[in-house]
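As C-alpha cells, the structure follows; a few thoughts come after it.
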Amino acid sequence: MSTTAPADDLDHVDERLLRTSPLKKLLARPELGSLVGALAVFVFFALLADGFLRPAGLGTVLYAASTLGIMAVPVALLMIGGEFDLSAGVLVTSSALVSSMVSYQMTANVWVGVGVSLLVTLAVGAFNGFMLTRTGLPSFIITLGTFLMLTGLNLGLTKLISGTVSTKTIADMEGFPSARALFASTFTVGGVDLKVTVLWWFGLVALATWILLRTRFGNWIFAVGGGADAARAVGVPVRRTKTGLYLGVAFCAWISGQHLLFSFDVVQSGEGVGNELIYIIAAVIGGCLITGGYGSAIGSAVGALIFGMTSKGIVYAEWNPDWFKFFLGAMLLLATLLNAWIRKRVEATK
C-alpha cells in the first residue's frame with residue numbers, strides 16, 4: 001500500500017533533483033543576453049553597411065574581435081573571481097617592448113626576446129596577485145598602481161634605450177619569420193583571409209570554458225567570486241586561485257604583445273592605455289557581473305565579437321567613427337540591463 005507524500009515535503013526537495021526544462025537552462029546561461037545583442041548588431045550592419053558581409057569584411061571583423069577577445073577571456077575569468085586588472089592594457093605593450101628591446105640590444109635570435117618577455121610579463125601578473133592577496137587592498141588600487149608604473153616604465157625605458165618613443169626594427173633578425181608565423185601570420189578559409197589571432201582566440205575560449213565547467217580550479221573561481229571568506233571556510237585556496245587568475249591575464253597579455261610586435265615590427269611605447277576598460281566592457285557585455293561569481297568565457301567572446309562588428313560596421317556604413325564609443329556605451333548599458341532582467345526571470349521561475 002502506497003502513501004502520498006505531504007505537500008510540505010515537496011517544498012523541501014533538493015532543487016538539484018528537480019528536472020529543469022531546456023528553456024530554463026537556456027535562460028540561466030550568462031551569455032544569453034550578449035548572444036541576442038550580437039545577432040541584432042549583425043543583422044543591423046548586414047542591412048545598412050555595404051561590404052560588411054563580404055569575405056574581406058568578415059575577416060576584418062573577426063580580426064578586430066580576436067585582438068580584443070584574447071584579453072577579454074582572462075579578464076572575464078578574473079571578474080568571475082571577483083577582481084579587476086586595470087594594468088592589462090599597458091601590460092600588452094610592455095610585453096611587446098621587452099621582447100623587441102631585448103632582441104635588438106642583445107643582437108640575438110628574436111626568440112630570446114620572446115622568452116624573456118614571457119618571464120617578465122608573468123612576473124608582473126604574479127606581482128599583482130601577490131600584492132592583492134598579501135596586503136588586502138582592493139584590486140582596483142593594486143592594478144591602478146601597476147598601470148601607472150608600467151605606463152612610466154614603457155615610456156621612460158624606451159626613450160632611454162632607443163632614444164625615441166618607439167623601438168627599433170627587428171625585422172632582419174634571426175627567428176623573426178618563424179615568430180611572425182606563430183603570432184601574426186594570415187591564412188585563408190573559404191575565401192576569407194584570417195589572422196592567426198583568431199585561432200589563438202578560439203583556443204583560449206575553449207580552454208577557459210573547459211577550466212570553468214570541468215575542473216576543480218573552475219569551481220574555485222566561482223567560489224572566490226561569490227565570497228572569498230565563505231570559499232576559504234570550505235577549503236578553497238583563495239590566494240592561489242586569485243594569483244593564478246592574474247597569471248592568466250599576464251600570459252594572454254604576452255600573446256597579444258607578441259602579435260603587436262610581429263605584426264608591425266616596431267612598437268610605440270604609449271600604446272595600450274585605455275584598452276583595459278574595453279576588455280572589461282567586453283566581459284560585462286558577455287554576461288559577467290561586476291560583483292563576481294557569475295559569467296562565462298563564451299560570453300566574453302560574444303562581447304568581443306559585438307565590439308568587432310560595431311567598430312568595423314561603422315566604418316563600412318561610412319558613419320563618423322567618433323560615434324563608436326557612444327554605441328559601445330549604449331551596448332554596455334543595454335546588455336547589463338538585459339542580463340539583469342534575464343537573471344530575475346530565472347530566479348522567479350525556480
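The values are calculated or read from the model by the stated rules, or taken from the named source; none is laboratory data. Note that the structure is predicted; figures quoted are calculated from it, not measured. Neighbour counts run over all protein chains shown; Cβ positions are idealised from the backbone, glycine included. What goes into the accessible areas is simple: the full protein's heavy atoms, side chains included, and nothing from ligands, DNA or RNA. Shrake-Rupley method; radii C 1.70, N 1.55, O 1.52, S 1.80 Å.
Note on region 88-126: residues that are under 22 Å from residue 159 (Cβ atoms), in contact (Cβ under 8 Å) with a residue 12 or more places away in the chain and of a type outside the set (Val, Ile, Thr) total 14. Within region 138-159, does at least one residue satisfy the condition of being out of contact with any Asp or Glu (no Cβ under 7 Å at 6 or more places or on another chain), of a type in the set (Lys, Arg) and within 22 Å of residue 291 (Cα to Cα)? Within region 138-159, not a single residue is out of contact with any Asp or Glu (no Cβ under 7 Å at 6 or more places or on another chain), of a type in the set (Lys, Arg) and within 22 Å of residue 291 (Cα to Cα).
Suppose we filter 264, 324, 307 for residues that are aromatic (Phe, Trp, Tyr) and closer than 30 Å to residue 102 by Cβ; which single one remains? Show your work before the answer.
Numbers: 324 fails: closer than 30 Å to residue 102 by Cβ; 307 fails: closer than 30 Å to residue 102 by Cβ.
It is 264.
What number of residues within region 1-48 are modelled with pLDDT of 85 or more and assigned to a loop (DSSP other than H, G, I, E, B)? Result for region 1-48: 0.
The selection criterion, being touching a Lys or Arg at 6+ places or on another chain (Cβ under 9 Å) and free of Cβ contacts under 8 Å to residues at least 12 places away in the same chain, does not hold for residue 215.
Within region 309-329, which residues are of a type outside the set (Val, Ile, Thr), open to solvent by less than 60 Å² (accessible area, probe 1.4 Å) and at pLDDT below 90?
Here is the first cut: in region 309-329, the ones of a type outside the set (Val, Ile, Thr) are 309, 311-313, 316-329.
Then drop every residue that is not open to solvent by less than 60 Å² (accessible area, probe 1.4 Å), which leaves 309, 311, 313, 317, 324, 328-329.
Matches in region 309-329: 311, 313, 317, 324, 328, 329.
Among the residues of region 84-131, the one identified as in contact with a helix residue (DSSP H, G or I) (Cβ under 7 Å, 6 or more places away or on another chain), in a loop (DSSP other than H, G, I, E, B) and open to solvent by 30 Å² or more (accessible area, probe 1.4 Å) is 84.
Restricting to region 289-327, give me the number of residues that are on the phi < 0 side of the Ramachandran plot and under 16 Å from the mean Cα position of the chain (by Cα). Break it down stepwise before answering.
Within region 289-327, the first condition is being on the phi < 0 side of the Ramachandran plot, and the residues that meet it are 289-291, 294, 296-317, 319-327.
Add one more test, that the residue is under 16 Å from the mean Cα position of the chain (by Cα), and what stays is 289-290, 294, 296-308.
The number of residues fulfilling the criteria is 16.
Across region 142-191, the qualifying residues are those that are touching a strand residue (DSSP E or B) at 6+ places or on another chain (Cβ under 8 Å) and more than 29 Å from residue 246 (Cα to Cα), and the one among them that is modelled with the lowest pLDDT is 188.
Counting only residues that are open to solvent by 40 Å² or more (accessible area, probe 1.4 Å) and either in contact with a helix residue (DSSP H, G or I) (Cβ under 9 Å, 6 or more places away or on another chain) or over 18 Å from residue 78 (Cβ atoms) (or both), how many does region 142-154 have? Write out each step before concluding.
As a first pass, look at region 142-154 and keep what is open to solvent by 40 Å² or more (accessible area, probe 1.4 Å): 144, 148-149, 151-153.
Those left that are additionally either in contact with a helix residue (DSSP H, G or I) (Cβ under 9 Å, 6 or more places away or on another chain) or over 18 Å from residue 78 (Cβ atoms) (or both): 148-149, 151-153.
Summing the residues that are open to solvent by 40 Å² or more (accessible area, probe 1.4 Å) and either in contact with a helix residue (DSSP H, G or I) (Cβ under 9 Å, 6 or more places away or on another chain) or over 18 Å from residue 78 (Cβ atoms) (or both) in region 142-154 gives 5.
Checking the condition of a type in the set (A, V, I, L, M), surrounded by 14 or more Cβ atoms within 10 Å (Cβ to Cβ) and in a helix (DSSP H, G or I), which residue from 205, 236 passes? Give the steps one after another, and end with the answer.
Details: 236 fails: in a helix (DSSP H, G or I).
The unique qualifying residue is 205.
Taken together, 270, 248 contain a single residue that is closer than 30 Å to residue 110 by Cβ, touching a helix residue (DSSP H, G or I) at 6+ places or on another chain (Cβ under 9 Å), open to solvent by 10 Å² or more (accessible area, probe 1.4 Å) and assigned to a helix (DSSP H, G or I), which is 248. Whether any residue in region 183-194 is within 23 Å of the chain's Cα centre (by Cα), among the aliphatic types (A, V, I, L, M), part of a helix (DSSP H, G or I) and buried (at least 16 other Cβ atoms within 10 Å of the Cβ) is what I want to check. Looking through region 183-194, none of the residues is within 23 Å of the chain's Cα centre (by Cα), among the aliphatic types (A, V, I, L, M), part of a helix (DSSP H, G or I) and buried (at least 16 other Cβ atoms within 10 Å of the Cβ).
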